[in-house]
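Remarks on the structure that follows.
The values are calculated or read from the model by the stated rules, or taken from the named source; none is laboratory data. Not measured: the values here are computed from a predicted model. Neighbour counts are summed over all protein chains in view; Cβ atoms, including those assigned to glycine, are modelled from backbone coordinates with ideal geometry. In case anyone asks, the SASA skips ligands and DNA or RNA and just uses the protein heavy atoms, side chains included. Shrake-Rupley method; radii C 1.70, N 1.55, O 1.52, S 1.80 Å.
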Protein chains: 2
Amino acid sequence: MCEANAYFIKDGHEKVVMESVDILKPEDDGIYLENIFREGLKIRAHVKEMNLVDHRILLVED
Amino acid sequence: MCEANAYFIKDGHEKVVMESVDILKPEDDGIYLENIFREGLKIRAHVKEMNLVDHRILLVED
């Protein structure tokens, strides 16, 4: 499977906010993430960088 | 490999702008894409949705 893990970066530290992310959708008030188990999560953040081969999605606070 | 293809959507049509995308990085004036062959591309667009399991990155014009 080619899902990725989403990390939230704050003060130089990374925290996993969701593993096995399938869907990422920017919305007006943040980013919607959905994993392969169809769990959804909304986070007030934007994408800093994605590295798909490394399965990494880096998010930072809005 | 878990790279994805990036599609640009305009007037309801999809066009592949880059295959085998590894890195995606939003910048001030668009999105920087880099594929697994380390070719880089800048496009004036933003992410509409990503489906990692389907290897799809959908971009729309800014």
key: Exposure rank, largest accessible area first [A:Tyr7, B:Tyr32; 1.4 Å]   = B:Tyr32, A:Tyr7
query = GNM, chain B, Cα, under 10 Å: largest mean-square fluctuation among B:Gly30, B:Gly40, B:Gly12?
reply = B:Gly12
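Skip the ligands, DNA and RNA, and give the accessible area per residue of the protein assembly as shown with a 1.4 Å probe, whole Å².
Numbers: 7010 Å² over 124 residues.
Using a 1.4 Å probe on heavy atoms only, each residue of the protein assembly as shown averages 57 Å².
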ask   = Which distances, in nm and shortest first, link the A:Lys48 label point to the same label point in every other copy, taking 7 Å along Cα→Cβ?
value = 2.9
request  = Mind checking which lysines have their Cα closer than 21 Å to the Cα of B:Lys48? Skip sequence neighbours fewer than 8 apart in that chain.
outcome  = A:Lys25, A:Lys42, A:Lys48, B:Lys10, B:Lys15, B:Lys25
ask   = Among the residues of chain A, which one places its Cβ closest to the rotation axis that maps chain A onto chain B, and what is that distance in whole Å?
value = A:Cys2, 2
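To the nearest 100 Å², how much accessible surface do chains A and B cover up together, summed over both, with a 1.4 Å probe?
Numbers: alone 4340 and 4340 Å², together 7010 Å².
Buried surface at the A/B interface: approximately 1700 Å².
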request  = Would you mind listing the distances between the B:Ile9 label point and the same position in each other copy? Use 7 Å along Cα-to-C-beta, nm, one decimal, shortest first.
outcome  = 2.7
request  = Evaluate the distance, in nm, between pseudo-label points positioned 7 Å from the Cα of A:Glu49 and of B:Leu41 along their respective Cα→Cβ axes.
outcome  = 2.0 nm
ask   = Once a ≥ b ≥ c are taken as the square roots of the eigenvalues of the Cα gyration tensor of segment A:8-62, is the result rounded (a/c under 1.5), prolate (a/b larger than b/c) or oblate (a/b not larger than b/c)?
value = oblate
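At a 1.4 Å probe radius, carbon and sulfur cover how many percent of the accessible area of the protein assembly as shown? It would help to have the intermediate numbers written out before the result.
Numbers: 3240 of 7010 Å².
In the protein assembly as shown, the share of accessible area belonging to carbon and sulfur is 46 percent.
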